[in-house]
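No value in this document is a laboratory result; all are computed from the given coordinates. These figures come from a predicted structure and were not determined experimentally. Backbone-built Cβ (ideal geometry, glycine too); neighbour counts: all protein chains shown.
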Amino acid sequence: MVRWAALLLPGSAHLLERRWLGGGTALALWVGLLGLVVFRFRRVVDAVASGTDGRIGLAVLLLVLLTVWIWSLKSGPRRSEKGASAGDGDWARLWGSFRENRLAVVGLWVVFGFYLATFLTPFLTPYDPIFQPAFQTPEMGLLSAPPSAAHLLGTDGLSRDLFTRLLYGARISLSIGFLAVGISVTIGTLLGAVAGYLGGWFDFVVMRLVDLFMAFPRLVLLIAIVALFDSSIFLIIVALALTQWPFMARVVRGEILALKEREFAEAARALGFSRTRIIFKHLLPNALGPLIVAATLGIGNTIILEAGLSFLGLGVQGPMPSWGRMVFDGRSYLLDAWWITTFPGLAIVLVVLAFNLVGDGLRDALDPRQVSEVRR
Amino acid sequence: MSLLEVRNLRTHLLTQDGVARAVDGVDLDIPEGEAVGVVGESGSGKSLLALSLLGLLPKRNCEVLEGSSVRFRGAELVGAGEKNLRRIRGREVAMVFQEPMTSLNPVYSLGNQIREALTLHRDMGRKDSAGEAVRLLEEVGIPDAAARAKAFPHQLSGGMRQRAMIAMALAGDPSLLVADEPTTALDVTVQVQILALLRRLQEERGMALLLISHDLRVVAQVCRTVFVMYGGRMVEQGPTSEVFPRPKHPYTRGLLGSRLSVRDRRSRLRPIPGEVPEATAWPKGCRFHPRCAEVVQICRREEPPMVSLSLEARGGGLALPGGGSERAARCWFPGPEEKEGQ
């Protein structure tokens, strides 16, 4: 019985064993995604038929379903034989201590949910993010309509469905946040770590460069870069990364400076390890905590900065939506139609908060001393 | 030829008060497969000596002077360049440090840390290195080694960590192990165990050992030969069995006298008066003379050479050309002024 349940409804077996979090998530994902396909069958077929957007969405959807199914079978009713301390690998242990922090897990699911939604967008909504129905067929479109069954979050001042625009905006805002921080962390870590360890002229040059960047207000620097070239999403990502790496470099350099004086660094040198190995394999993992905190804060910061740029007309160019742009588009309707600014704003808050929770959880999980304390 | 030959090693430190001549003309020989001890108070330059051997000094304020020589199997290490030194470090000469609490990387398990050295120095694959890491942990006397290999440093006691450090140092199968105050930070009971371990490893592996300590008993338990260091130089040297019962240099006698004896409760503790002078300004003449009870005029004026005291040595009573481990002392009037013990 239990086996059949596990086969058909992933997560149900876990629920029977009172593993609420894992089972509930798996079941919700399974039912939700299958339900989406069944109840919105026509829309899914249309989307898949009409373009790559839909095909990628379908592939991601199937991939998630498959993952949930396999996970549920592998960790299913045979739980007892594996024991509580399942897995000895580094990743298993990292996950084990990460999930002790419930808030971090919630944050991770929120982030995952947003990213999943960006892929499934064409299945989730029948509307177009750019098309303005009220100006084509006046009886069809509603300007600044409040939330209703037809328009979950209402429509904006140009009669576009807000929920749809929020989903498409997530694509832009999330990729900008993620990519810009990814690039800046890479550059900042490389330069900061090497500068901190080597010292000397290299350190001097890098840190003066950092000072140079930090001496300008970030927004002014961004405006200058974006104004110099034609604004595009790619340029905005590069500009955001370019103005953010100095912060990452400073964090990493400071950590490395302290770490390289520790005795294990000296012991590593006495063992004949090369400088590259000592920097990246021995010192950097010890500096991951502050770096991850800086990076997750950075993602939130970047999303907000992008919003600011869009407000000034230098960010994402309309009519494509980004969350920041939507907030500022709605500012003139603030008194009449609160939903136009509120929902994109809430989305920003939610994502930034979720990223910060994940960052906190990761930092604690990456510190091995934390593990034994939590696990006793 | 000795495994390691140190000649006229001078390491100077730039400090705010000027140039500190911390290691100032050290001669030291470590024969293949033998245990050699260096004893001295803090400030005598022992640790800096150890770091100088492998070029591990911080470059920004330390300098090994021209004319210094450290030869390992005949190959010069001073000024050999980072790349060549790296080939020696860990593989030929390994080090164990004083502070086991911080000498292990907190983010890796013991097994992984040892395996890294194994893959680097002995070209081992994943499987082999995992087994060998556990075997090394067993060799240094860690119980339940297979499980402990997965433990992180913070989960272990100080003694266990020091054992793990030693296992890591052994990973490259070195022919010389340099242990800088390996027991100082440990409980007395654990100290004895670690010393016994070091002696056992040295004998079983036929590995040379350079044991640096401020504690005479530590060196006496493990080493065949002992060097006494003061003011950046060796002041007495010889077989342990001769130096400790019959110390020739007043400083060695002072060290022995400032030990507590368990057996004889009434014996007075006789500390050496004064402190080790600053390395920026060593006293003129014999560097020990301001603290020496037997000081005479010449001690203040001129520094004594290292004089051979060995009866068999042909040049007995003459200045030692440098190196060797025969009985010698740097004193104008070597010999027991007062009977030690009785």
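For segment A:185-215 and segment B:123-145, compute the distance between their C-alpha centroids and round to whole Å. Computed from Cα coordinates, the inter-centre distance equals 39 Å.
At a Förster distance of 56 Å, what's the computed FRET efficiency of A:T186 paired with B:R217, Cβ-Cβ distance as r, to 0.05? List each step's numbers first, then the result.
On the way: r = 54 Å, r/R0 = 0.96.
In this case the efficiency is close to 0.55.
In this simple spin-label model, placing a label point 7 Å from the Cα along the Cα-to-Cβ direction at both A:L152 and A:L62 gives a separation of 2.5 nm. Beta bridges assigned by DSSP with both partners in the protein assembly as shown are antiparallel in approximately 60 percent of cases.
How high is the relative contact order of chain B, in percent, with contacts defined as C-alpha pairs under 8 Å that are six or more residues apart?
Rounded, it is 21 percent for chain B.
Its residue count N sets the reference 2.2 N^0.38 Å, and the alpha-carbon radius of gyration of segment A:1-80 equals 1.24 times that reference. Once every DSSP H run of n ≥ 4 in chain A is given -39500 (n - 2.57) and the sum is divided by its residues, what mean residue ellipticity at 222 nm do you get, rounded to the nearest 500 deg cm²/dmol? The helix contribution divided over chain A gives -24000 deg cm²/dmol.
Local charge sum around B:E275 (other residues, Cβ-Cβ under 10 Å, Lys/Arg +1, Asp/Glu -1)?
Counting the neighbours of B:E275, the net charge comes to -1.
Projecting each Cα onto the charge dipole of the protein assembly as shown (Lys/Arg +1, Asp/Glu -1 at the beta carbon, about the Cα centre), which of A:L334, B:M207, A:A227 comes out farthest on the positive side? So the residue furthest toward the plus end is B:M207.
Over all Cα atoms in chain B, the spread is summed up by Rg and Dmax: 20.7, 68 Å. Starting from the 7 Å offset along Cα-to-Cβ, what nm value, one decimal, do you get for the label separation of A:D336 and A:L8? Taking the two extended label points, one gets 5.4 nm.
How high is the FRET efficiency between A:T137 and A:D53 when r is their beta carbon distance and R₀ equals 22 Å, given to the nearest 0.05?
The pair A:T137/A:D53 has a calculated efficiency of 0.35.
If R0 is taken as 51 Å, the Cβ-Cβ distance between B:A196 and A:F202 corresponds to a FRET efficiency of 0.65.
Extension gain B:T119-B:K150, at 0.36 nm per residue separation less the Cα-Cα distance, in nm?
Between B:T119 and B:K150, full extension yields 9.4 nm more.
When Rg and Dmax are taken over the Cα atoms of the protein assembly as shown, they come to 35.0, 119 Å. Annotation for A:E261 and A:S232: the two label points, set 7 Å from Cα along the Cα-Cβ direction, are 4.8 nm apart. Legend: mean number of C-beta atoms from other chains within 10 angstrom of residue C-beta atoms, peptide B:96-104, equals 4.
Of the peptides A:328-334, B:98-104, how do they stack up when ordered by the mean number of other Cβ atoms within 10 Å, highest first?
Result, highest mean Cβ count within 10 Å first: B:98-104, A:328-334.
Taking other C-beta atoms within 10 Å as the exposure proxy, A:I340, A:I348 rank A:I348, A:I340 from fewest upward. Its Cα centre serving as origin, segment A:162-375 has a Cβ charge dipole (Lys and Arg +1, Asp and Glu -1) of approximately 340 debye.
The alpha carbons of segment A:162-375 occupy a box of 69, 48, 22 Å along the principal axes, longest dimension given first. In chain B, the longest principal axis of the Cα atoms and the axis of helix B:158-170 are about 80 degrees apart.
Averaged over the residues of peptide B:105-117, the number of Cβ atoms from other protein chains lying within 10 Å of each residue's Cβ is 5. Beta bridges from DSSP with both residues in chain B: antiparallel share about 60 percent, rounded to the nearest 5. Within 10 Å of the Cβ of each residue in A:256-267, the mean number of Cβ atoms contributed by other protein chains is 5.
Starting from the eigenvalues of the Cα gyration tensor, five times each then square-rooted, give me the equivalent ellipsoid semi-axes of segment A:103-180, largest first, whole Å. Display every interim value, and only then the final one.
Working: eigenvalues 155, 35, 20 Å².
The equivalent ellipsoid of segment A:103-180 has semi-axes of 28, 13, 10 Å.
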